[in-house]
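The values are calculated or read from the model by the stated rules, or taken from the named source; none is laboratory data. Values in this document were obtained by computation on a predicted structure and should not be read as measured data. Cβ placement follows ideal geometry from the backbone for every residue including glycine, while neighbour counts extend to all protein chains displayed. With ligands, DNA and RNA removed, areas are computed over all heavy atoms of the protein, side chains included. Shrake-Rupley method; radii C 1.70, N 1.55, O 1.52, S 1.80 Å.
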Amino acid sequence: MKTRRNASLVGPRVKLRALEVADHDAWRAIRIASRDWLEPWEPLPEPGTPDPVIDREAFRARCGAWERQRQFDTAYGFGLFLRDDTLIGEVSLGSVLRGPFQSGFIGYWIGSEHAGRGYIPEGVALIVRYGFEELGLHRMEAVIVPRNERSRRVVEKLGFREEGTAARFLQIQGVWEDHLRYAITREEWDARHEELERDFL
């Protein structure tokens, strides 16, 4: 479990590591600067929930929750950093199921200032390799609102298969939205990992 808890994943231009309380100022700045860019694609928080953007203790609790999930092998959350340690977003592998499933869901976001430069596909490629090679998963999925074309392009570049539409899958800004389901399996990774690593890692 040491590898899983302490992993820092490094690519040619970006790296993934767990967020810490010391990252709050940078995380807060990027969330505020990119609010109009990000929030249309995100769920509304539960009423009365402290906002980690403005509440440092709420951010501390958020970091702690990710760490507990990592220890229990149920989710792996990472900050997305440039190699110079500039925080630019997040990439996560959540809802990890073991037993006969061996699966998880990938999520990601990036600040508007750094969008469109290929950083997210590289970060997602890192977490896909981590999920298959280090965690031993068999399947990873991403679910995306159909009109979010930028997000769809990320998984399409990486060769995820579109598997259809999940009706009213997730609450986004108070509305139960349909989501397109994309997936990649270990067999597909084994067949294409050299190409993906060459192109993105």
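The table that follows gives values for the structure above.
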{"read-out": "Ile54 being closer than 17 Å to Val10 by Cβ and outside any strand (DSSP E or B)", "value": "no"}
{"read-out": "The stretch 75-95 residues that are at positive phi and surrounded by fewer than 21 Cβ atoms within 10 Å (Cβ to Cβ), paired with ones that are modelled with pLDDT of 95 or more and in a loop (DSSP other than H, G, I, E, B) (beta carbon under 6 Å, 6 or more apart)", "value": "none"}
{"read-out": "Criterion violated by Ala166 - all others in (1) in contact (Cβ under 8 Å) with a residue 24 or more places away in the chain; (2) in contact with a His (Cβ under 7 Å, 6 or more places away or on another chain) satisfied", "value": "(1)"}
{"read-out": "Residue satisfying condition, being more than 15 Å from the chain's Cα centre (by Cα), touching a residue at least 40 places away in the same chain (Cβ under 8 Å) and either assigned to a helix (DSSP H, G or I) or surrounded by fewer than 14 Cβ atoms within 10 Å (Cβ to Cβ) (or both), within set Pro45, Pro40", "value": "Pro40"}
{"read-out": "Any chance Pro12 is touching a residue at least 24 places away in the same chain (Cβ under 8 Å), loosely packed, with under 13 Cβ neighbours inside 10 Å and more than 19 Å from Val124 (Cα to Cα)", "value": "no"}
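Condition check ((1) open to solvent by less than 40 Å² (accessible area, probe 1.4 Å); (2) touching a Ser or Thr at 6+ places or on another chain (Cβ under 7 Å); (3) at pLDDT below 95) across all residues:
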site	(1), (2), (3)
Gly111	yes, yes, no
Gly118	yes, no, no
Pro146	no, no, no
Glu177	yes, no, no
Ala183	yes, no, no
